[in-house]
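The values are calculated or read from the model by the stated rules, or taken from the named source; none is laboratory data. All values derive from a computational prediction rather than experimental measurement. Cβ: placed from backbone, ideal geometry, glycine included. Neighbour counts: every protein chain shown. Heavy atoms of the whole protein, side chains included, go into the accessibility calculation; ligands, DNA and RNA do not. Shrake-Rupley method; radii C 1.70, N 1.55, O 1.52, S 1.80 Å.
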Amino acid sequence: MAKWYLEGFIDDRRDVWRTPISSYPFVVGRRAGVSLHLASPEISGRHAEMVTRDGWLWVRDLGSKNGTFINEQPLETETRVAAGDVLRFANREFRLVSALESTQGNTTQSITQTVALPSSMTPSNLARRLDLARQILENRNLVAFFQPIVRLDSGGTIAYEALARGLDGGDLVSPGELFELASALDKEADLSRAMRHQAVLDSGPLLPRPVIFVNTHPAEVKDGPGPLLDSLGELSRSAPHCDLVLEIHEAAVATPQLLRDLGRGLAELNIDLAFDDFGTGQARLLELVEVAPKYLKFDRAWISGVDQATDHRIELLSNLVSMVRALGVMTLAEGVETEGEAAVCRDLGFELAQGYHFGRPAESATFVD
């Protein structure tokens, strides 16, 4: 098995590849027949090569037009590299990975499905962003933000949804970008668990005894609810100062049986259940009867502009709210941004609401009087 791998984009598609450095000299370039072919006009025919000596990996530039860089420093002489270093060949960037980190074999393979990376992600900065994601996960460089959930009749806060961000020095990394990067690393479940843990750590100032809505990711239940329930049990035992609610999206639970098993497990842990984004895909009305959550969050697509909605839309929404409440489930309107939307939701019988009108996500200290 190869001792090292190069991880990054090898072409203009959105697949992240891990390529073994399995024979020497290992030549990187645009010319056909080299060890790693990079089809970019910025890459020279024979751009750089790697050799092994005394058990170490060394890199040298082969007189390329646009240079070779190690950790953003131009390569001027043959230089020894180690796992974790970022190698850039002109406009193509890779992270050097040790065999211990890799689960791949000795052929170039895609380590992920096609990834819808943010516009800020390019072949020239992928390795650094993936390395940032690894550091955030390994060092728990996260901070939790909390958004109030209020009672519509009184406006009083009854709970908070936890929404963690990554820390990149003094900058914040959005959950969306973090999960896109975690997907390339096959670490979505690890990231989801870390975010919940951070939410509990940061919830201390939210007194007295806050109710915290935490989230999950479909990767956590792909092999059944056991790992997720174990994680939540450990989290609950470490957080006697707060009550937990697990939010799940219908995409996270593939079968009714999985949902039933999850519901029973949560009940044993005294953790409440909330269905998120209701009305955006399959309505799953049957599951509402069989595994009644404590809360049902109506997607903001229902709420946005509801104060200007047609009579038919209002009637449909009113019927849905009445049906859900008849099941003993608390109804929550997501994405309420104006007083007009809040007023209509109140009139329709929604009990709870969440959105910028009542408060933007903020660190817990913001909510301390």
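Report the longest stretch of the chain that contains none of the GluC sites (Glu not before Pro) sitting in a DSSP loop with at most 11 other Cβ atoms within 10 Å. Result, exposed sites excluded: 77-369. The lysines within cross-link reach of Lys187, meaning a Cα-to-Cα straight distance under 26 Å and a gap of 8 or more places when in the same chain, are Lys3, Lys222. Two decimals is fine: what is log10 I(q)/I(0) at q = 0.12, 0.14 Å⁻¹ for the chain, from a Debye sum with one equal scatterer on every Cα and no solvent? Once normalised to I(0) and log-transformed, intensities are -0.92, -1.10. Leaving out same-chain residues fewer than 8 places away, which aspartates and glutamates sit with a Cα under 20 Å from that of Lys65? Counting by Cα, and skipping residues close in sequence, Lys65 has these aspartates and glutamates nearby: Asp11, Glu42, Glu49, Glu76, Glu78, Glu93. Within the same chain, aspartates and glutamates fewer than 8 places from Lys294 are excluded, and of the rest, those with a Cα less than 19 Å from its Cα are Asp153, Glu161, Asp243, Glu247, Glu250, Asp261, Glu268, Asp272, Asp276, Asp277, Glu334, Glu351. Would you tell me the accessible area of Met323, worked out with a 1.4 angstrom probe on the heavy atoms of the protein chains, in Å² to the nearest 10? Surface open to solvent at Met323 totals about 70 Å².
DSSP beta bridges confined to the chain are antiparallel in about 65 percent of cases. Taking only protein heavy atoms and a 1.4 Å probe, the accessible area of the chain is 49% carbon and sulfur.
A simple spin-label model places the labels of Arg140 and Ser174 2.7 nm from each other, with each point 7 Å out along Cα-to-Cβ.
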